[in-house]
Ligand SMILES: Nc1ncnc2c1ncn2[C@@H]1O[C@H](COP(=O)(O)OP(=O)(O)OP(=O)(O)O)[C@@H](O)[C@H]1O
Ligand SMILES: [Mg+2]
């Protein structure tokens, strides 16, 4: 379950999100659409724990990730989020398989030898 309550994100010169409210229930398949610059990436970055809102709250499975520390956000991203970025951000020195496996390098030390 994803719940967004009154979320705003303001960059220095731009307001990316203003008072966003959204609820996505478990099992729902949702596409976020809109013109360039409408705030899709800004909202996904917040839901994915890459960024935090300036105002409002974000709940994932009833946990308030908008108040998480940097370390807590890192753990949340590692265990609960799968990203395919617009700019990809793949590691060029790893195979496709090992790019996919990379998160296990950080949270499953016993499996590190599978990645080289
Ligand atoms: N790091 C940033 N610093 C300053 N302004 C930003 C930053 N990130 C986004 N913005 C601004 O916030 C607004 C929303 O941008 P965002 O990238 O979320 O839009 P988008 O819907 O993902 O666009 P696109 O379809 O082009 O990917 C834009 O006006 C953008 O210029
Ligand atoms: Mg975008």
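Side notes on the structure shown:
- The relative contact order of the chain comes to 22 percent, based on Cα pairs under 8 Å that sit 6 or more residues apart.
- The slack in the chain from residue 91 to residue 21, taken as 0.36 nm per residue of separation less the alpha-carbon distance, amounts to 21.7 nm.
- When the helices of the chain are scored as -39500 (n - 2.57) per DSSP H run of n ≥ 4 and the total is divided over every residue, the value at 222 nm lands at -8000 deg cm²/dmol.
- Highest-fluctuation residue, 100, 58, 30 considered, GNM on the chain with Cα pairs under 10 Å: 30
- Here r is the Cβ-Cβ distance between residue 38 and residue 110 and R0 is 30 Å; the resulting FRET efficiency, rounded to 0.05, is 0.10.
- Top of 66, 42, 95 by mean-square fluctuation, Gaussian network on the chain, Cα under 10 Å: 95
- Most fluctuating residue given options 97, 25, 40, as computed from a GNM of the chain linking Cα atoms under 10 Å: 97
- Column: log10 I(q)/I(0), Debye, Cα scatterers of segment 1-41, q = 0.25, 0.34 Å⁻¹: -0.97, -1.17
- Kirkwood Rh in Å, taken over segment 40-100 so that all alpha-carbon pairs contribute: 12.8
- Alpha-carbon Debye profile of the chain, log10 I(q)/I(0) at 0.09, 0.12, 0.14 Å⁻¹: -0.29, -0.52, -0.69
Any read-out appearing in this document is the output of simple, stated calculations on the displayed coordinates, not a laboratory observation. What you are looking at is a predicted structure, and each value in this text was computed from that prediction instead of being measured. So basically every Cβ, Gly included, is an ideal-geometry build from the backbone, and we count neighbours across all protein chains shown.
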